[in-house]
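Enquirer: Got a structure here, written out as structure tokens. Questions coming.
The values are calculated or read from the model by the stated rules, or taken from the named source; none is laboratory data. Not measured: the values here are computed from a predicted model. All Cβ positions, even for glycine, are placed from backbone atoms using ideal geometry, and neighbour counts span all protein chains on display.
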Amino acid sequence: MNIGLICGGEITDEVLRKILEYAEQGNRIAKIKALVVPGDKSPTVQETENKLDAEVVSDYRQLYNPDYQIDLIIVLSPGKSIFDNILQTKPNNIRVIGYPTFELLWNIINIENKKLEKRNQEIQAILDGLEEFIVVINPDKTIADTNHSFLEKMGYSREEVIGHKCYEVFQKSNRQCEPGKRNLNCPHDEVFTKGSFTQKIFPRMNNRGELVYIEVSIYPIWEESGQISKVIEVSRDVTQLKKPDQEINKELERMVEERTRELKAQQQKIVHKNKMASLGKLSASVVHEINNPISGLLNLILLIKKIVEQEELDSSSIKSFQHYLELMESETRRISRITSNLLSFSRGTRLEFESVNVNNILEDLFLINNNFLKLNNIELNKQLDEDLPNITGDEGQLKQVFMNLLTNAVEAMEEQDPGILTVSTSRENHYIRITFQDTGLGVPEEYINQVFDPFFSTKSQGKGVGLGMSVAYGIIQQHSGYMYIKSEQGSETEIIVHLPLTQPQTKYE
């Protein structure tokens, strides 16, 4: 609706000021198109002319100009003649409200406004009396209003808060709170986005630059259109409540650190005791294991020496010597294997990675142990993949693994005649698979999970220290591979090794 105002009465400036106030708040139900001012312009008239882009004319008949498209003329001048002249001369499409009628309506409005102002003052007094902080925030993050408690406790004046961005006041920043940065996810954004109440404890800066902790509850205010027009933030300073928590946390952290130190000290004592116990067990086992083959070697040497001294050597003696030498070779290998496993277990050998061919390593192993296999009546069944790719590994360490697996398999078939050892290789995706399968008596189910433990052995006394499989397992792990056993008592046993084609980058660093 386009309105023309005829000025001149006592209420003119009052009406214009109220119109300007509504316009500043964005309330424009009607538009003031023209003002009829018979004399000089008052400051209020000049402000209305400038801010509302209203035309100022001197004759009411100019309001009839179709360019203004006036729908309603309001007479603010109390003279009755002006109203009568307008009624006689106005076009039919323009309505008019006389001064007496408008004055009555204006007085009624003022009465209601005064009631509202009084009610607002009462509400403001209540809000200012609350210890909680009340802040009203617009969608553009400007602060629309606040209560006295917020201003007093946070050390601000109204001029420093009202009309300013919330992040300028709360965080002393000219940028909005960035999600994930210093844990400053904006709680107002959550309410504007989700349209629901939220509550959290939030760090803020007061006007003295001090960090305080605020417990914030934020409520959305809805318009009839379904949009959120504002949010009301109810908060309180909980810094003093957090300080005891922080002190308690520090004390708890100190107690935890102290207890951790005590536990580490106890753990070191336990580890030392276990090491000493393991050392005693290892020493006894090693002494026993090495003493047996050494005694055997000594007896064979003495026997050969006696034969040489008392008898003339003939073909029969030479044949006996060959048998004795084979036994001595076997016992010497046994000593070598025990000491090699012991050294590998006691120190972490640094691996030297290079491109190696597992088939070649196994072929070398078979050649070296050909006599060992024959002595134990073992038939070797090779199933090596001819197209097996090279892998990245330590050739020497892998030889030790396969030597341990071969020896273990041979010793498991002592009661077989003949025993069959099947060694196979194949590629499986990014790994190669190596399998050692023997026709021995298998491993009881209750021992399956202990096969790779240090000092564990299913062999009879004097047949093993229980380090070979543990050493092999550790080397395979160092190669980023894995190793497991498939066996049942009274059945065949399979040891399966998987090695990756390439090693992770960290292996070379």
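Enquirer: Specify the residue that is farthest from the chain's Cα centre (by Cα); the eligible residues are those in region 155-170 that are under 19 Å from Cys186 (Cα atoms) and not β-branched (Val, Ile, Thr).
Expert: This residue is Gly163.
Enquirer: Here's a follow-up. Among all residue pairs at least 6 apart or on different chains, which show Cβ distances below 8 Å where the first residue, located in region 11-22, is more than 17 Å from Thr101 (Cβ to Cβ) and the second is part of a helix (DSSP H, G or I) and charged (D, E, K, R)?
Expert: What qualifies is Leu16/Glu47; Leu20/Glu47; Leu20/Lys51.
Enquirer: Could you identify the single residue in Ile123, Ile137 that is modelled with pLDDT under 80, within 22 Å of Ser217 (Cβ to Cβ), surrounded by 10 or more Cβ atoms within 10 Å (Cβ to Cβ) and not assigned by TED's automatic domain parsing to the domain that holds Pro66? Steps first, answer last, please.
Expert: Working: Ile137 fails: modelled with pLDDT under 80.
Step by step, each of Ile123, Ile137 is checked, and only Ile123 is modelled with pLDDT under 80, within 22 Å of Ser217 (Cβ to Cβ), surrounded by 10 or more Cβ atoms within 10 Å (Cβ to Cβ) and not assigned by TED's automatic domain parsing to the domain that holds Pro66.
Enquirer: Out of the residues in region 63-82 that are touching a residue at least 12 places away in the same chain (Cβ under 8 Å) and of a type in the set (Gly, Ala, Ser), state the one that is farthest from Val37 (Cα to Cα).
Expert: Ranking the candidates gives Gly79 first.
Enquirer: Of the residues that sit in region 51-73 and are surrounded by 19 or more Cβ atoms within 10 Å (Cβ to Cβ) and among the hydrophobic types (A, V, I, L, M, F, W, C), which one is nearest to Gly8 (Cα to Cα)?
Expert: We begin by selecting, within region 51-73, every residue surrounded by 19 or more Cβ atoms within 10 Å (Cβ to Cβ); these are 54, 60, 63, 70, 73.
If we keep only those that are among the hydrophobic types (A, V, I, L, M, F, W, C) too, we end up with 54, 63, 70, 73.
Working: Ala54: 16, Leu63: 16, Ile70: 19, Ile73: 14 Å.
Filtering region 51-73 for residues that are surrounded by 19 or more Cβ atoms within 10 Å (Cβ to Cβ) and among the hydrophobic types (A, V, I, L, M, F, W, C), the one nearest to Gly8 (Cα to Cα) comes out as Ile73.
Enquirer: Among the candidates Lys306, Lys281, Lys273, which residue alone is part of a helix (DSSP H, G or I), modelled with pLDDT of 75 or more and farther than 30 Å from Phe202 by Cβ? Even if it seems obvious, please write down each step before you answer.
Expert: Details: Lys281 fails: modelled with pLDDT of 75 or more; Lys273 fails: modelled with pLDDT of 75 or more.
It is Lys306.
Enquirer: Next question, about the same structure. Any idea which residue in region 472-509 is modelled with the highest pLDDT, counting only those that are polar (S, T, N, Q) and in a loop (DSSP other than H, G, I, E, B)? First the steps, then the outcome.
Expert: Going through region 472-509, the residues polar (S, T, N, Q) turn out to be 477-478, 480, 487, 489, 491, 493, 502-503, 505-506.
Those still in the list that are in a loop (DSSP other than H, G, I, E, B) too: 480, 489, 491, 502-503.
Details: Ser480: 91, Gln489: 78, Ser491: 78, Thr502: 88, Gln503: 82.
The selected residue is Ser480.
Enquirer: Being modelled with pLDDT of 80 or more, among the acidic types (Asp, Glu) and within 19 Å of Ile218 (Cα to Cα) is the requirement here; does Asp145 meet it? Working first, answer last.
Expert: On the way: modelled with pLDDT of 80 or more: yes; among the acidic types (Asp, Glu): yes; within 19 Å of Ile218 (Cα to Cα): yes.
Yes, satisfied.
Enquirer: Name the single residue, out of those in region 15-45 being exposed (fewer than 14 other Cβ atoms within 10 Å of the Cβ) and at pLDDT 85 or above, that is nearest to the chain's Cα centre (by Cα).
Expert: In this case the residue turns out to be Arg17.
Enquirer: Taking the conditions exactly as written (assigned by TED's automatic domain parsing to the domain that holds Ile228, farther than 24 Å from Thr12 by Cα, in contact (Cβ under 8 Å) with a residue 12 or more places away in the chain and not hydroxyl-bearing (Ser, Thr, Tyr)), does Asn93 satisfy them or not?
Expert: Judged against the criteria, Asn93 is not a match.
Enquirer: In region 365-375, which residue that is under 25 Å from Gly481 (Cβ atoms) and more than 50 Å from the chain's Cα centre (by Cα) is surrounded by the fewest Cβ atoms within 10 Å (Cβ to Cβ)? Spell out the reasoning first.
Expert: Keep residues of region 365-375 that are under 25 Å from Gly481 (Cβ atoms), which gives 365-369.
Add one more test, that the residue is more than 50 Å from the chain's Cα centre (by Cα), and what stays is 366-369.
Working: Phe366: 17, Leu367: 9, Ile368: 13, Asn369: 20.
Restricting to residues being under 25 Å from Gly481 (Cβ atoms) and more than 50 Å from the chain's Cα centre (by Cα), the top hit is Leu367.
Enquirer: Moving on. Which pairs do you get when a residue that is modelled with pLDDT under 75, found in region 442-456, comes within reach of a residue that is small (Gly, Ala, Ser), reach meaning Cβ atoms under 6 angstrom, with the pair 6+ apart or on two chains?
Expert: Phe452/Ser470; Pro454/Ser470; Phe455/Gly466; Phe456/Gly466
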